[in-house]
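Visitor: Provided herewith is a single structure, encoded as structure tokens, for subsequent inquiry.
Any read-out appearing in this document is the output of simple, stated calculations on the displayed coordinates, not a laboratory observation. Quick caveat, the model's predicted, so the values are computed rather than measured. We place every Cβ from the backbone using ideal geometry, glycine too, and count neighbours over all the protein chains shown.
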Amino acid sequence: MGSSPLRRRKPVVSCEVLDVRRRRKGFTLVELVTVVIIIGILVSIAILMYDGTQTRAHETVDEANVRILNSCTLDWMMDDENNDPREHDTASLRNELEGEYIDRWPESPSGAEYRFLDGRWERVE
């Protein structure tokens, strides 16, 4: 019998290469570094998003507190037509409002103060 042109060829990969592939149980340094870099990027994105969310939340609370103080001042003015908030400084107006018109004075989450300026309450750093 002659040799057939469709004879099977021997594999090109040697036995040593196959043994190394079978023995490999861990990750390479490049794979580990890649994973650490990806995790670092994701964590930095999460921190930036969290910080931005905290800042917006503080601003929203401050805006709500200013609206509450302006509403309480308006209620105080409506109770007696002689009440004029422009005749008071911030501390005396606060004393007028606290207790009867507002149970507890609001605190700014950002550490700012609320002052009565030009006929309305404002947040002041």
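Visitor: DSSP loop (so not H, G, I, E, B), at most 13 other Cβ within 10 Å: list which trypsin sites (Lys or Arg not before Pro) in the stretch 39-125 pass both filters.
Guide: Those satisfying the criteria are R104.
Visitor: Can you work out the PRE-style zone for M77? Point 7 Å along Cα to Cβ, and I want the residues of the stretch 97-119 with backbone N under 18 Å.
Guide: From the stretch 97-119, the list is 97-98, 101-102, 115-119.
Visitor: Let me ask something additional. In sequence order, what are the phi-derived ³J(HN,Hα) couplings for the stretch 43-59 according to the Karplus relation 6.51 cos²θ - 1.76 cosθ + 1.60 with θ = phi - 60°, rounded to whole Hz, with x for glycine and proline?
Guide: These are the phi-based 3J(HN,Hα) values: 5, 5, 5, 5, 5, 4, 5, 5, 5, x, 5, 4, 5, 5, 5, 5, 5 Hz.
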